[in-house]
1. Looking at 69, 63 in this structure, which one is surrounded by fewer than 16 Cβ atoms within 10 Å (Cβ to Cβ) and either among the hydroxyl-bearing types (Ser, Thr, Tyr) or under 19 Å from residue 18 (Cα atoms) (or both)?
2. In the range 24-46, is there at least one residue being open to solvent by less than 60 Å² (accessible area, probe 1.4 Å), in contact with a Lys or Arg (Cβ under 9 Å, 6 or more places away or on another chain), among the hydroxyl-bearing types (Ser, Thr, Tyr) and farther than 17 Å from residue 119 by Cβ?
3. Which number in (1) at pLDDT below 95; (2) over 17 Å from residue 107 (Cβ atoms); (3) part of a helix (DSSP H, G or I) marks the one condition that residue 9 misses?
Amino acid sequence: MQKLVLTIALTLPAGAGAQPYSHSMADCAAVYQNAAQWVRTDESADKLMHAAIQWAAAAVVQSRVEGVSDGSKAVWQRIDSKTEAWEAKGGAVFFSQEFRDWTRYCRSFAKARGVSIKR
């Protein structure tokens with residue numbers, strides 16, 4: 001278990017550490033939601049939106065565990081805000097190290113938390 005926690009901590013993108021799990025889960029939902037807007041095929045968009053929805057659902061459940069009374073509203077506000085921030089960076093962000101770091105982190109985090117993001 002300690003190794004898993006250390007692995008996750010070491011793979012966190014800058015700015016993702018020391019926040020509630022629900023926030024990181026919502027951040028991952030936003031990464032996938034934004035990416036879905038930029039792909040060429042509906043099939044790719046569907047796969048990315050599936051991952052976003054799975055992350056959002058996990059974030060809502062986790063936020064309740066963390067004591068947030070209106071977890072769904074808080075989670076979706078965070079997702080929308082983070083999605084807007086990704087959108088503002090434009091399509092070139094998908095070639096950035098920041099995007100690669102986030103997707104690597106989200107895949108690792110999904111595996112560690114049992115979130116099924118693959119369709």
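The values are calculated or read from the model by the stated rules, or taken from the named source; none is laboratory data. The structure presented is a predicted model; accordingly, all values stated were derived computationally and were not measured. Using ideal geometry, Cβ is built from the backbone for each residue, glycine included, and neighbour counts are taken over all protein chains shown. Surface accessibility is based on the protein's heavy atoms, side chains included, excluding ligands, DNA and RNA. Shrake-Rupley method; radii C 1.70, N 1.55, O 1.52, S 1.80 Å.
1. Of the residues listed, the single one that is surrounded by fewer than 16 Cβ atoms within 10 Å (Cβ to Cβ) and either among the hydroxyl-bearing types (Ser, Thr, Tyr) or under 19 Å from residue 18 (Cα atoms) (or both) is 69.
2. no
3. Among (1) at pLDDT below 95; (2) over 17 Å from residue 107 (Cβ atoms); (3) part of a helix (DSSP H, G or I), the lone unmet condition for residue 9 is (2).
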